[in-house]
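The values are calculated or read from the model by the stated rules, or taken from the named source; none is laboratory data. Keep in mind it's a predicted model, so treat the numbers as computed, not measured. Because the Cβ atoms are built from the backbone with ideal geometry, glycine has one as well, and the counts that use them run over all protein chains shown. Remember, those area values only see protein heavy atoms, side chains included, never the ligands or the DNA or RNA. Shrake-Rupley method; radii C 1.70, N 1.55, O 1.52, S 1.80 Å.
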Amino acid sequence: MHRLKAYRRKGFGIHSPYTFYLITNVIEAKLHYYAFAKLKNQRKAAIKLIKSTIKETEIDSAAKTILQQEIKILNSGESIDRLIFRLLNFSKAKYPMYVGSDMGYTAAYMAKVDSRNKIKKVKACSQLDNIVDEIVWNPLKINNVLKSSISEFSGAKEKTDFVVVSDTSSAKDLEYLLENYNKFLTDSCFLIVLNMYKTESVEKFWLQLKQKQMFRISLDLFHVGILIARKGMQKQDYKRKYRF
């Protein structure tokens with residue numbers, strides 16, 4: 001098992017120039033893109049709006065619990081969302097997808113990488129349908145996100161080349177993706193799993209998928225798991241010694 005931290009010792013343990021570049025210039029890079037400032041400000045506004053929605057709107061306890069969870073995701077997920085932005089920008093993917101039953105603020109970062117690309121997003125749970133446009137898509141003027149079920153996306157003409165799988169994904173969607181990943185994905189692609197050790201179903205998904213021969217590189221950043229399908233490369237597994 002290679003260690004990500006080894007690159008600090010002149011790349012010892014990382015034999016692939018591609019992986020070395022990815023770690024040093026994308027994963028570890030502290031890059032600031034023009035979209036980050038606006039996304040950060042809107043993130044704060046979204047948190048305030050969700051709090052006021054919980055306080056002032058008559059919603060059931062289930063919806064309130066979901067919205068409270070969204071606040072936690074927004075408060076803790078900015079660094080991960082920025083990483084997703086950098087990875088998507090680096091990959092030059094044309095058909096990205098976001099899988100998760102949450103509001104999907106990460107998908108907003110994906111949408112801002114290139115407005116010409118359509119982001120496929122698995123629909124959020126029904127309790128969020130009435131407010132997610134007001135909180136995310138409308139304020140950020142995002143209109144390049146396509147929302148549907150994961151099974152409907154599987155029949156699309158263009159296979160996806162960049163997938164982000166959230167820990168909020170339902171066990172049903174994870175199972176469907178695990179069984180049909182070869183129908184979704186191109187031969188050269190990124191598949192990213194967020195908080196892959198948070199739940200049993202997500203951990204199982206991560207561990208099983210990383211064993212597939214299609215994925216030649218796996219990077220375990222503790223909170224983020226990255227799988228890369230890339231022809232002609234020796235299978236490599238890296239695990240970070242410290243948390244992302």
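Can you give me the Cα centroid spacing of the range 59-134 and the range 179-224 in angstrom? Spelled out, the Cα-based centre of one part sits 18 Å from the other. When the Kirkwood hydrodynamic radius is evaluated over all pairs of different C-alpha atoms of the range 165-244, what value in angstrom, to one decimal, is obtained? Every distinct Cα pair counted, the radius reaches 12.7 Å. If R0 equals 45 Å, the separation of the Cβ atoms of ASN144 and GLN234 corresponds to a calculated FRET efficiency of about 0.80. Note the listed values (i) 57, 37, 36; (ii) 50, 40, 35; (iii) 74, 47, 33, then indicate which one is Cα extents along the principal axes in Å calculated from this particular structure. The calculated read-out lines up with (i).
Between the Cα long axis of helix 171-184 and the first principal axis of the chain there is an angle of about 50°, rounded to the nearest 10.
With r defined as the distance between the Cβ atoms of ALA35 and ASN75 and R0 fixed at 22 Å, what FRET efficiency is calculated, to the nearest 0.05? Working shown, then result.
Values: r = 20 Å, r/R0 = 0.89.
Calculated value: 0.65.
Highest mean packing comes first when the peptides 172-180, 98-106, 229-237 are listed by Cβ atoms within 10 Å, giving 98-106, 172-180, 229-237.
Summarising the amide proton neighbourhood of LYS94: residues at separation of 5 or more, or on other chains, whose placed amide H is nearer than 5 Å comprise ASP161.
Counting heavy atoms of the protein chains alone, HIS223 has an accessible area of about 50 Å² for a 1.4 Å probe. The angle separating the long axis of helix 34-56 from the principal Cα axis of greatest extent in the chain is about 40 degrees. Normalised Debye scattering of the range 41-133 at q = 0.17, 0.22, 0.25 Å⁻¹ gives log10 I(q)/I(0) of -0.76, -1.14, -1.34, counting only Cα atoms as equal scatterers and leaving out solvent. Spin-label model, ILE59 to GLU134: label points 7 Å out along the Cα-to-beta-carbon direction sit 1.0 nm apart. Bin all alpha-carbon pair distances of the range 99-244 at 10 Å intervals from 0 and give each bin's fraction as a whole percent. Final binned percentages: 11, 40, 36, 11, 1. Apply 1/(1 + (r/R0)^6) to the Cβ-Cβ distance of GLU179 and LYS157, taking R0 = 25 Å, and write down the FRET efficiency to the nearest 0.05. With R0 = 25 Å, the Cβ-Cβ based efficiency is 0.75. Result for the chain in a Gaussian network model with C-alpha springs under 10 Å: among ALA37, ALA108, ALA93, the largest mean-square fluctuation is at ALA37.
Need the full-extension length gain, GLN68 to ASN117, defined as separation in residues times 0.36 nm minus the C-alpha distance. One decimal, nm.
Details: separation 49, 0.36 × 49 = 17.64 nm, distance 3.09 nm.
Extra length available between GLN68 and ASN117 comes to 14.5 nm.
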